[in-house]
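Please read the structure below before turning to the comments.
The values are calculated or read from the model by the stated rules, or taken from the named source; none is laboratory data. As the structure is a computational prediction, the values presented were derived from the model and not from experiment. Every residue, glycine among them, receives a Cβ derived from its backbone with ideal geometry; neighbour counts consider all protein chains shown.
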Amino acid sequence: MALALYRKYRPATFAEVVGQEHVTTPLVNAVDGGRINHAYLFSGPRGCGKTSSARILARSLNCEQGPTSTPCGACGSCVALAPDGPGSLDVIEIDAASHGGVDDARDLRERAFFAPVNSRFKVYIVDEAHMVTTQGFNALLKLVEEPPEFLVFVFATTEPDKVLSTIRSRTHHYPFRLVPPTTLRGLLERTCQAEGVVVEPTVFPLVVRAGGGSVRDSLSILDQLLAGAGDEGVTYRSAVGLLGVTDDALLDETIDALAAADPAGVFRAVDRVVEAGHDPRRFATDLLDRLRDLIVLDAVPEAGGNGLLDCPPDRLDLMSSQARALGSATLSRMADTVHAGLTEMRGTTAPRLLLELVCARMLLPATDGSAAATLQRLERLERRMSIAGEHAGRAPEPAGSDAPVREAPVPPARPAPAAAAPAPAPPPAAEPPARPAREFVRRSQAAPQAPAQPAPPAAPEPAARPPADDGWPETTPPGGGGQQRPAASAPAPATPPSAGEPRRTRVAVGEPDVPLPPEPTDDEDWPHPAQPDAADAAAARLDRPRPAAESSPRAAAGSSPAPRGAEPMPVVTANPPEQAVDGELTTSDVRRVWPELLKVARGHKRTTEALLRSAQVHDLAGGVLTLTATSPALAKMLGDDLNRDVVRQSLQELLGVRWKVQVVVEGAATRGGAAPVAPEAAREAARAAEAAEARELMAERAAEEPGGDGEPPPAVDPEQAALSLLRTHLGARPLD
């Protein structure tokens, strides 16, 4: 019969005790200095070395070369008290759990006065000392207070508070602690090397977590895994099955579905847990551990390198992207929700039902009235506002500035102030009054409005109006009350454009004046200001009930509106059900290989890879892969033909499939709540794309124009290169 690992590798000296240096160092100094006390109290969790240290102390005191902290290991006492030794008559171990009564204490008191047989000290090791009764402690009190000079007591307990205070006050108390994960993993690796068994590196975190910091428990779990290992050693899959923990792939699928607000994916993962026979409580516990890791990684991005997280380096990138996709407020609320669900699962007869309810509460923050859910919704709204109104706080360009300007066509149907109308026109036909659209206007742009008067009809628009040459949005100039658009509730006559040419106004490119978008609410039922290039369509939308997708602040206040005449950007409002066919890939499969796809795309075009990092997989149906972007600007950039070709080529290289790729805007109003977006996702993606494009441009220039005498050309700052591109192609200029 094989000896258990925790007995085979039991420490024989204080130097071999791992993770308890705060205890072993004072004991070593006390033994070497001759300051030996008559009673010691070792307390701490189970399996952390209390009884082993008590035996080492007895061995050190009775060594023929001692007392010494380094027993010789050759004398009779050292051999008898070795981890695999027969024991000594002068070292008595008592289990207080079965010998804690007053009669046992009296018997010990009578035997304690006999001198040791062949050792220097007579040592009593009382294990589970908190199980001794009060009468038993009272019987030992006088002996512990004034023992013979050859008698030493060592009490070991996991609950020092239950030891009689009069006994505890007469001992030297040494508190043992749980072993840190890093130290415990090193011990497990050395044990596996000594046993000659191959163990996958991903198995050690499972053993460390299951052991809970206890050396004995961890070695027992490792012993079980080594006993059932085959020729290939201990694999991750076999360890997951034996320990009953949740597979990382299933946790990744659940987290990705939560980040994408995919109820079908979340409940599909729960179904897989139950169908596989796993305990829903254990799945909830592992999910809570994963959320904790993501919270730490979101707060401390370098947590993987400084020991805060015990996970393989190849998983840090994936977990970092998951933390960014969810956000700190969402992660905190989800962790609170799962923790509350675990409390409710205790003693329940339907754990699956409670687990599904917990998942539903995580997906629907709007149904929770707690402060955490409110903070999550507030964070979501702030992120959307930051994408749409990042330039809203800039001051307007002065009238005398020499900033480059460009002409933008102004729709003739735009109303103008009453004072700007040159002459009244024939009375218009009766029209139903349009509902006013709520709009935020700066105080610097506000002007006193004249009383509302009957508005003459605008001049007829030419049959063919040329679109904007570059797809730039049409906007009003930042200054001047005569150029400002009045409120929709007081329409005024518009100035007719000149014949054969659309009316244009000059707008400074360097300082675009973007109005602050309306502040959305939880149900997002506020009307939004009409787009400047779609005034007629906006008025028509105000006259009919709008669907939830049109009330999205991300869709209405995007940073790059669509050009005139273009189709509106599609908006995702819900996740269609995923119908998997045997042998075909599903949306979950694509999400699982998404990090590998980013690496393949990086080999083709860095700008595409930078944009894809801010996108998510939404759906795969009918050979069409749908990606979601957090803003219309990002969707427009990623939906370019060149970028989509790169994605298709990367999919073919990685998965061997020929799918169509479409990019849509992530829906801001889903059923009951929206998925939070990453902070400043659009701006970060744009900056990353510009930097990657600048690096590619520098590499091409370096290849075409090498430096003289074989020397490489001087390095160019990517930010300066990006600014040069903006000045050359867009006529932009830096701010003072």
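Here's the yes/no breakdown for (1) touching a helix residue (DSSP H, G or I) at 6+ places or on another chain (Cβ under 8 Å); (2) crowded, with 21+ Cβ neighbours inside 10 Å; (3) over 24 Å from LEU364 (Cα atoms):
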| site | (1), (2), (3) |
| --- | --- |
| ARG281 | yes, no, no |
| LEU287 | yes, yes, no |
| ILE295 | yes, no, no |
| GLU302 | no, no, yes |
| LEU308 | yes, no, yes |
| SER320 | yes, no, no |
| GLY341 | yes, yes, no |
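Could you list, in sequence order, the residues of segment 273-294 that are of a type in the set (Val, Ile, Thr) and within 18 Å of the chain's Cα centre (by Cα)? Give the steps one after another, and end with the answer.
At the first step, the residues of segment 273-294 found to be of a type in the set (Val, Ile, Thr) are 273-274, 285.
Within segment 273-294, THR285 is the sole residue that qualifies.
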Item to check | Enumeration of residues in segment 113-138 that are assigned to a helix (DSSP H, G or I) and of a type outside the set (A, V, I, L, M) | outcome: HIS130, THR134, GLN135, GLY136, PHE137, ASN138
Checklist outcome for this item: Within segment 1-52, the count of residues that are over 19 Å from GLU195 (Cα atoms) and basic (Lys, Arg) comes to 3
Next on the checklist: All but one of (1) crowded, with 19+ Cβ neighbours inside 10 Å; (2) without any contact (Cβ under 8 Å) to a residue 40 or more places away in the chain; (3) over 20 Å from THR24 (Cα atoms); (4) of a type outside the set (S, T, N, Q) hold for VAL144; state the number of the condition that does not hold.
Outcome noted: (2)
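Do the conditions hold for GLY66, that is, is it among the small types (Gly, Ala, Ser), at pLDDT 90 or above and part of a loop (DSSP other than H, G, I, E, B)?
Details: among the small types (Gly, Ala, Ser): yes; at pLDDT 90 or above: no; part of a loop (DSSP other than H, G, I, E, B): yes.
No: the conditions fail for GLY66.
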Checklist entry - Of LYS605, LYS636, LYS599, which residue is surrounded by fewer than 18 Cβ atoms within 10 Å (Cβ to Cβ) and not β-branched (Val, Ile, Thr)? => result LYS599
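Mind checking whether some residue in segment 620-627 is touching a Phe, Trp or Tyr at 6+ places or on another chain (Cβ under 7 Å), over 20 Å from ARG324 (Cβ atoms), crowded, with 21+ Cβ neighbours inside 10 Å and outside the structural domain of ALA325 (by TED's automatic domain parsing)? Show your work before the answer.
Narrowing segment 620-627 to residues touching a Phe, Trp or Tyr at 6+ places or on another chain (Cβ under 7 Å): 623-625.
Those left that are additionally over 20 Å from ARG324 (Cβ atoms): 623-625.
Next, only the ones that are crowded, with 21+ Cβ neighbours inside 10 Å stay: 625.
Right, trim to outside the structural domain of ALA325 (by TED's automatic domain parsing) and you get 625.
The answer is yes; a qualifying residue exists.
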Item to check | Pick from segment 224-255, criterion assigned to a loop (DSSP other than H, G, I, E, B) and of a type in the set (Gly, Ala, Ser), ranking: surrounded by the most Cβ atoms within 10 Å (Cβ to Cβ) | outcome: ALA229
Item to check | Any chance THR586 is β-branched (Val, Ile, Thr) and modelled with pLDDT under 50 | outcome: no
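For segment 69-103, name all the residues that are part of a strand (DSSP E or B) and either of a type in the set (A, V, I, L, M, F, W, C) or more than 21 Å from GLN135 (Cα to Cα) (or both).
Step one: of segment 69-103, the residues part of a strand (DSSP E or B) are 91-95.
The answer is VAL91, ILE92, ILE94.
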Checklist outcome for this item: Those residues of segment 196-223 which are surrounded by fewer than 16 Cβ atoms within 10 Å (Cβ to Cβ) and over 30 Å from the mean Cα position of the chain (by Cα) amount to GLY196, VAL197, VAL198
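Out of the residues in segment 345-377 that are polar (S, T, N, Q) and in a helix (DSSP H, G or I), state the one that is modelled with the lowest pLDDT. So that I can check it myself, show each step before the final result.
First pass over segment 345-377, keeping only residues polar (S, T, N, Q): 348-349, 367, 370, 374, 376.
Narrowing further to those that are in a helix (DSSP H, G or I): 367, 374, 376.
Numbers: THR367: 55, THR374: 68, GLN376: 64.
Among residues in segment 345-377 that are polar (S, T, N, Q) and in a helix (DSSP H, G or I), the one modelled with the lowest pLDDT is THR367.
Checking the condition on the phi < 0 side of the Ramachandran plot, outside the structural domain of LEU326 (by TED's automatic domain parsing) and aliphatic (A, V, I, L, M), which residue from ILE221, ILE255 passes? Write out each step before concluding.
Numbers: ILE255 fails: outside the structural domain of LEU326 (by TED's automatic domain parsing).
Matching residue, one of ILE221, ILE255: ILE221.
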Checklist entry - Can you tell me how many residues in segment 150-195 are within 32 Å of the chain's Cα centre (by Cα), among the β-branched types (Val, Ile, Thr) and either surrounded by fewer than 15 Cβ atoms within 10 Å (Cβ to Cβ) or within 30 Å of LEU108 (Cα to Cα) (or both)? => result 1
